[in-house]
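Everything below concerns the one structure shown next.
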Amino acid sequence: MASPAVGDQYVMLDAMLDYYIQEATDKIRSANLGTYDLPEGTVDLPSQASNPRIYDLTSIYRRDAIDVHHDHEGNMLIQIDLGLKTLTFQADLSEDVGLFTMHGGFMMYLLNNYATIVLGLNFDDKGCTAWVSQVDVGFPDMGVDAW
């Protein structure tokens, strides 16, 4: 049986990435994790803040096709570009002021987030070695609301 052509392998990698993005999104939605409450102690917050949470984990998308190329040493490098349309962090605020307690909230939203991941593969007579060659993460747009 003949092996698939190089172009067919890229199409298969693209299809696999689409599948795993959809699976991740489906699992998040089915577990009702549109809101994810952060466990106590995972975020360093001031004493006035409580109940930290993240919203909108379901907007994962592909930014570009998978790019596969070889470096000068013959290693295969696979570049994957993903995006997260909106990521929102929110916490409740409470401050004692004299005889009164003021309540409010804080929300930070990150828009048009992206991650570029480059995986390296080296095939030799002993098998395959894989590694993460590069990770580039960006949060280009940010907004903050407080009430």
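The values are calculated or read from the model by the stated rules, or taken from the named source; none is laboratory data. Since we're looking at a predicted model, the values are computed, not measured. In this analysis, Cβ positions are derived from the backbone assuming ideal geometry, glycine residues included, and neighbour counts consider all displayed protein chains.
Summary table below
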item: The range 105-116 residues that are free of Cβ contacts under 8 Å to residues at least 40 places away in the same chain and of a type in the set (A, V, I, L, M), paired with ones that are loosely packed, with under 15 Cβ neighbours inside 10 Å and assigned to a strand (DSSP E or B) (beta carbon under 6 Å, 6 or more apart); result: Met107/Asp145; Met108/Val144; Leu110/Met142; Leu111/Asp141; Ala115/Val137
item: Positions within the range 47-105 being within 24 Å of the chain's Cα centre (by Cα), among the aliphatic types (A, V, I, L, M) and in a strand (DSSP E or B), in sequence order; result: Ile54, Ile60, Val68, Met76, Leu77, Ile78, Ile80, Leu82, Leu84, Leu87, Ala91
item: Test: Met76 is within 26 Å of Met16 (Cα to Cα) and modelled with pLDDT of 85 or more; result: yes
